[in-house]
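To start, the structure itself, in structure tokens.
The values are calculated or read from the model by the stated rules, or taken from the named source; none is laboratory data. Because the structure is predicted, anything quoted here is derived from the model rather than measured. FYI the Cβ positions are ideal-geometry reconstructions off the backbone, even for glycines, and counts take in every protein chain you see.
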């Protein structure tokens, strides 16, 4: 075992995390024969089988689980040592793998910006995907941290809120309801609605609010992205409910209005999530702690001009009226 290399342990840990030789080879930029050879050498050094294969799935043996724990602790010690050295040099170094749902792409880079300025030596890998794919990666524990608007109920995770996520009703700027205040949910339900696809947290929150009032929406169209929904709103196809964060970037100027509707904005939160029992790396813990202070960073997020009211990204949660975007 003393003659085993760090590369062999890295290959082993990657297979244990991904549950696949081929996917581990892709992530490590190795050929599959090379991966198999490294694991054979490591298995010979240990003297016990590390994996067992049932069908197409790979499972760790008792020896494999012990080795995985040892390897994780070893790499964490190396990472801690590297960061100590970086501290001595006035730097922070390491890697962070962050996965976010599609709506979070509107603010995640703006939080990563000041974080990377504080720790310029940290290499950040940011992946944006829909909720279903993010949950798949979370279930496989493929990354360090995840940002979700709604924590999963069927996975054993730790989820901590760190930023407000107000959902607002969006309509074309020339829509008749833009001139009204305190619009009832019943009146809004008469309008044709544009919704995200099934599985969307925003969609679920919207339908739940109307269902509580025994109201059913007239769904004209389901679309797979916030950008598509915004363009459909501009095209006069209907009204929608979106996170206020989605209006922070690239919205067509003067073509939207946020309606004043009872029960809105729906006050939700963004959560930073990881598997329960996961041992976060030094870098992941540093970013996790950084997000806990995101209220002060949120003030720096772009906020669209409102004719009255205040920005819902700020700590006070007053309603926005009409805005030009």
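One table, with the values for the structure above:
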{"item": "Some residue of segment 272-290 being modelled with pLDDT under 80 and under 13 Å from residue 164 (Cβ atoms)", "result": "no"}
{"item": "Whichever residue in segment 242-265 is modelled with pLDDT of 85 or more and within 7 Å of residue 170 (Cβ to Cβ) and, among such residues, is surrounded by the most Cβ atoms within 10 Å (Cβ to Cβ)", "result": "258"}
{"item": "Count of residues meeting criterion [out of contact with any helix residue (DSSP H, G or I) (no Cβ under 6 Å at 6 or more places or on another chain), within 25 Å of residue 129 (Cα to Cα) and at pLDDT 90 or above] in segment 189-201", "result": "1"}
{"item": "Qualifying residue in segment 211-225 (condition: closer than 18 Å to residue 268 by Cβ and surrounded by 14 or more Cβ atoms within 10 Å (Cβ to Cβ))", "result": "no"}
{"item": "Filtered residues of segment 203-241 (kept if in contact with a helix residue (DSSP H, G or I) (Cβ under 8 Å, 6 or more places away or on another chain) and under 19 Å from residue 186 (Cα atoms))", "result": "209, 210, 213, 215, 216, 217, 238, 239, 240, 241"}
{"item": "Candidates 211, 204, 186, filtered to the one that is assigned to a helix (DSSP H, G or I), closer than 17 Å to residue 150 by Cβ and modelled with pLDDT of 90 or more", "result": "211"}
{"item": "In segment 230-241, the residues that are part of a helix (DSSP H, G or I) and in contact (Cβ under 8 Å) with a residue 40 or more places away in the chain", "result": "230, 233, 234"}
{"item": "From the options 177, 126, 167, residue that is assigned to a strand (DSSP E or B) and under 20 Å from residue 265 (Cα atoms)", "result": "167"}
{"item": "Complete set of residues in segment 1-14 that are outside any helix (DSSP H, G or I) and surrounded by 14 or more Cβ atoms within 10 Å (Cβ to Cβ)", "result": "4"}
{"item": "Every residue from segment 105-134 that is under 22 Å from residue 276 (Cα atoms) and surrounded by 21 or more Cβ atoms within 10 Å (Cβ to Cβ)", "result": "131, 134"}
{"item": "Selection count where residues are assigned to a strand (DSSP E or B) and within 11 Å of the chain's Cα centre (by Cα), scope segment 100-123", "result": "2"}
{"item": "Complete set of residues in segment 147-178 that are surrounded by fewer than 15 Cβ atoms within 10 Å (Cβ to Cβ), more than 23 Å from the chain's Cα centre (by Cα) and at pLDDT below 90", "result": "174"}
{"item": "Any pair with Cβ under 7 angstrom, 6 or more apart, that starts in segment 15-41 at a residue that is part of a loop (DSSP other than H, G, I, E, B) and ends at one that is modelled with pLDDT under 90 and surrounded by fewer than 16 Cβ atoms within 10 Å (Cβ to Cβ)", "result": "19/57; 19/140"}
{"item": "Unmet criterion (only one of (1) within 21 Å of residue 202 (Cβ to Cβ); (2) in the same structural domain as residue 259 (by TED's automatic domain parsing)) for residue 135", "result": "(2)"}
{"item": "Residue within segment 210-218 that is in contact (Cβ under 8 Å) with a residue 12 or more places away in the chain and more than 29 Å from residue 133 (Cα to Cα) present", "result": "yes"}
{"item": "Answer residue from segment 291-308, given it is surrounded by 16 or more Cβ atoms within 10 Å (Cβ to Cβ) and outside any strand (DSSP E or B) and is modelled with the highest pLDDT among those", "result": "291"}
{"item": "Index of the failed condition, residue 53 passing every other in (1) under 26 Å from the mean Cα position of the chain (by Cα); (2) more than 21 Å from residue 7 (Cβ to Cβ); (3) in a strand (DSSP E or B)", "result": "(1)"}
{"item": "Tally, over segment 196-227, of residues that are more than 18 Å from residue 166 (Cβ to Cβ) and in contact with a strand residue (DSSP E or B) (Cβ under 7 Å, 6 or more places away or on another chain)", "result": "8"}
{"item": "Complete set of residues in segment 189-201 that are outside any helix (DSSP H, G or I) and under 17 Å from residue 267 (Cα atoms)", "result": "200"}
